[in-house]
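Below is one structure, written out as structure tokens; comments come after it.
Every number here is computed from the coordinates shown, using simple stated rules; none is lab data. Everything numeric here is computed off the predicted structure, so don't read it as measured data. Cβ placement follows ideal geometry from the backbone for every residue including glycine, while neighbour counts extend to all protein chains displayed.
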Amino acid sequence: MNLGSIFHRHRSCPVRTAPQDHVPMRFRHFWPLVGFVVPTLVIGFGYVIPKSCIAGINELTLGFLSSVIGACVTYWAGIRSVLKDRQTKAHELG
């Protein structure tokens, strides 16, 4: 599945779009992130936090959630940067 295809306009659309300047991100790029986020949230919110003194919605649980969201944003930015660098190097060689 190509995430860029959701927002891509088809040729029949009268609005002109700029050519794609980056390699599209695919769902397979996010499998490692899913492998990190799902167990982290399940273990954190399902086992550790309810059995500790910070149970409930408070600053500490929101901080834990925001750190996981920050990791997701960092992962996305890193994958996008690597794909952009890889396309640049392929263009320079060819």
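Could you line up 72, 53 from fewest to most neighbouring Cβ atoms inside 10 Å?
So the ranking, lowest neighbour count to highest, is 53, 72.
Relative to the present Cα-Cα distance, how much length would full extension add between residue 54 and residue 84 at 0.36 nm per residue of separation?
6.6 nm
If the chain between residue 75 and residue 61 were fully stretched, how many nm would it gain, using 0.36 nm times the residue separation less the Cα-Cα distance? Before the final figure, lay out the partial values.
On the way: separation 14, 0.36 × 14 = 5.04 nm, distance 2.14 nm.
Extra length available between residue 75 and residue 61 comes to 2.9 nm.
Scaled to the compact-protein estimate 2.2 N^0.38 Å, what is the alpha-carbon radius of gyration of the range 22-73, rounded to two decimal places?
The value comes to 1.40.
Pull out the extension gain between residue 34 and residue 68, defined as 0.36 nm times the separation in residues minus the alpha carbon to alpha carbon distance; nm, one decimal. Don't skip to the answer; put the middle values down first.
Details: separation 34, 0.36 × 34 = 12.24 nm, distance 1.13 nm.
Between residue 34 and residue 68, full extension yields an extra 11.1 nm.
From the backbone phi of the range 69-77, what are the Karplus-calculated ³J(HN,Hα) couplings (6.51 cos²θ - 1.76 cosθ + 1.60, θ = phi - 60°) in whole Hz, Gly and Pro given as x?
Per residue, the Karplus-derived 3J(HN,Hα) values read 5, x, 5, 5, 5, 5, 4, 4, 5 Hz.
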